[in-house]
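Got a structure for you, written out below as structure tokens; questions coming shortly.
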Amino acid sequence: MKQHYFDYAASTPMDTDVLAAMQPYLTTQFYNPSAEYLAAKEVRQALEHARTTVSRVLGTRPSEVYFTAGGTEANNMALQGIMRQYPDANVVVSAIEHSSVLEPAKLFDAQIAPVSSKGIIDLAALEKRIDEKTVLVSIMYANNEIGTVQPIRKIANFLQFVREERRKKGNKLPLFLHTDACQAANYLDLHVSRLGVDLMTLNGSKIYGPKQSGALYVRAGIVLQPLVLGGGQEHGLRSGTENVAGAVGFAAALQKTEKVKRDESDRLKQLRDNLISQLWVLTPNIKINGHEKLRLPNNIHVLIPDCDNERLVMELDERGIICAAGSACSASSEEPSHVLKAIGLSDKDAQSSIRITMGRGTTLKDTKTLAEVLTEVLQ
Ligand SMILES: Cc1ncc(COP(=O)(O)O)c(C=O)c1O
């Protein structure tokens, strides 16, 4: 039976060019990049070359890029790294953040900013959550469940206004903007100065790179308290022998995704809109969760009234269609999704929604098969 994969938001297959770029650092070029001899120095060069590649995509200096073991770690480094230094301050996060932002935020005074019923941050409510004790605002660039894209530049502009007001009042507390861009990297602009962010999280597993790879951008001058202490690698922020193959793979994946970004976005947008139209014709009572326009080109989150999403996903799986009932980003959860709750869905509707996410391997034929099989299963 042919498999039709629709869960690219959970995991992407590794690009063969990425694997080829990593190969030497998993085999012949195994040396510790901190060692003194020439062979090791070449490995160090490869690591620094990867850093430069990432920094070019982000429009930063190489020294502002820290390699991590994925998005969860980068989010923790950002949130805990800042908040631990300001015990009396608060952190503002959106209600639909990934758990790797929400959970560390809860260790501190976390203020939760709501989103609209379409899953877009409510700017007026966000402004109300920010007070003179806020030191960090963390708003994800694109959501991993409903694919909504947040107005990061607008938020950055507002924070600049708050900083200026603070300065006038003599409040010396800094105010940083962090964004989790794990789901955005394939499709959206990652240039940090255009976005206006101070910190940004990326991971390799969503961009056809290796799992447990990623990076945190930290604007020069921002001090983070390290979570892992030891030999002082990554400028003291992340001790431990560097995962050179992972960093090289991550950089190659980011570079490749940047190259195909525009074409893939256009192609997937067409496939997505076409699939939504097909679904509407075949099952007219469905609803699309999230925003019609401000959403990732590869994401369809659909509410099929009265269906049991877990059962539906299993039935589709038996017929070769792979999609998601919830977010695979949390290892196991019986609870209805906090994202769907945040946009106002009842528990019942949340448990009747499925996530369909497409990627480089998705064809028009796959989407037609999905629409047909879904209709057959729902009959
Ligand atoms: C938006 C978002 N942030 C963070 C993560 C966590 O990344 P990782 O699995 O690389 O730790 C994920 C996915 O898993 C994600 O979708």
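The values are calculated or read from the model by the stated rules, or taken from the named source; none is laboratory data. Since we're looking at a predicted model, the values are computed, not measured. For neighbour counting, all protein chains shown are included, and Cβ atoms are generated from backbone atoms with ideal geometry for every residue, glycine included. What goes into the accessible areas is simple: the full protein's heavy atoms, side chains included, and nothing from ligands, DNA or RNA. Shrake-Rupley method; radii C 1.70, N 1.55, O 1.52, S 1.80 Å.
Could you give me the residue pairs with C-beta distances under 6 Å whose first residue belongs to segment 333-359 and is touching a residue at least 24 places away in the same chain (Cβ under 8 Å), whose second residue is open to solvent by 50 Å² or more (accessible area, probe 1.4 Å) wherever it lies, and which are 6+ apart or on separate chains?
Final answer for the pair search is Ile343/Ser117; Gly344/Ser117.
Taking the condition open to solvent by 10 Å² or more (accessible area, probe 1.4 Å), within 27 Å of the chain's Cα centre (by Cα) and within 16 Å of the ligand (Cβ to nearest atom), does Val162 pass? Lay out the reasoning, then the answer.
On the way: open to solvent by 10 Å² or more (accessible area, probe 1.4 Å): yes; within 27 Å of the chain's Cα centre (by Cα): yes; within 16 Å of the ligand (Cβ to nearest atom): no.
Spelling it out, it is not the case that Val162 is open to solvent by 10 Å² or more (accessible area, probe 1.4 Å), within 27 Å of the chain's Cα centre (by Cα) and within 16 Å of the ligand (Cβ to nearest atom).
Here is a follow-up. Sort out which residues of segment 1-24 are buried (at least 18 other Cβ atoms within 10 Å of the Cβ) and among the hydroxyl-bearing types (Ser, Thr, Tyr), and write them in order of number.
Tyr5, Tyr8, Thr12
Considering only residues that are within 16 Å of Val93 (Cα to Cα), away from the ligand (no atom under 16 Å from the Cβ) and part of a loop (DSSP other than H, G, I, E, B), which ones fall in segment 169-190?
Correct list: Leu175 only.
What's the total number of residues in segment 209-221 that are open to solvent by 20 Å² or more (accessible area, probe 1.4 Å) and either at pLDDT below 95 or more than 15 Å from the ligand (Cβ to nearest atom) (or both)? If you could, list the steps in order and put the result at the bottom.
Filtering segment 209-221 for residues open to solvent by 20 Å² or more (accessible area, probe 1.4 Å) gives 211-212, 219-221.
From what's left, either at pLDDT below 95 or more than 15 Å from the ligand (Cβ to nearest atom) (or both): 219-221.
Here the count works out to 3.
Right, next: Could you please find all residues in segment 191-208 being within 10 Å of the ligand (Cβ to nearest atom) and either out of contact with any strand residue (DSSP E or B) (no Cβ under 7 Å at 6 or more places or on another chain) or among the basic types (Lys, Arg) (or both)?
Keep residues of segment 191-208 that are within 10 Å of the ligand (Cβ to nearest atom), which gives 201-206.
Listed by number, the residues that qualify are Ser205, Lys206.
Looking only at segment 66-90, which residues are β-branched (Val, Ile, Thr) and within 16 Å of the ligand (Cβ to nearest atom)? Spell out the reasoning first.
Pass one, segment 66-90, residues β-branched (Val, Ile, Thr): 68, 72, 82.
Once the filter is applied, which keeps residues that are β-branched (Val, Ile, Thr) and within 16 Å of the ligand (Cβ to nearest atom), segment 66-90 yields Thr68, Thr72.
Also, I was wondering about something else. Check Asp347, Asp317, Asp308 and return the single one that is in contact with a Pro (Cβ under 6 Å, 6 or more places away or on another chain) and away from the ligand (no atom under 16 Å from the Cβ).
Numbers: Asp317 fails: in contact with a Pro (Cβ under 6 Å, 6 or more places away or on another chain); Asp308 fails: in contact with a Pro (Cβ under 6 Å, 6 or more places away or on another chain).
Answer to the selection: Asp347.
Quickly run through segment 139-153 and pick out the residues that are over 12 Å from Val92 (Cβ atoms) and either of a type in the set (Lys, Arg) or in a loop (DSSP other than H, G, I, E, B) (or both).
Kept after step one, since they are over 12 Å from Val92 (Cβ atoms), are these residues of segment 139-153: 140-153.
Matches in segment 139-153: Met140, Tyr141, Asn143, Asn144, Glu145, Ile146, Gly147, Gln150, Pro151, Arg153.
Quick check, is Ile276 surrounded by 19 or more Cβ atoms within 10 Å (Cβ to Cβ) and either touching a strand residue (DSSP E or B) at 6+ places or on another chain (Cβ under 9 Å) or over 15 Å from Gln351 (Cα atoms) (or both)? Steps first, answer last, please.
Numbers: surrounded by 19 or more Cβ atoms within 10 Å (Cβ to Cβ): no; either touching a strand residue (DSSP E or B) at 6+ places or on another chain (Cβ under 9 Å) or over 15 Å from Gln351 (Cα atoms) (or both): yes.
Spelling it out, it is not the case that Ile276 is surrounded by 19 or more Cβ atoms within 10 Å (Cβ to Cβ) and either touching a strand residue (DSSP E or B) at 6+ places or on another chain (Cβ under 9 Å) or over 15 Å from Gln351 (Cα atoms) (or both).
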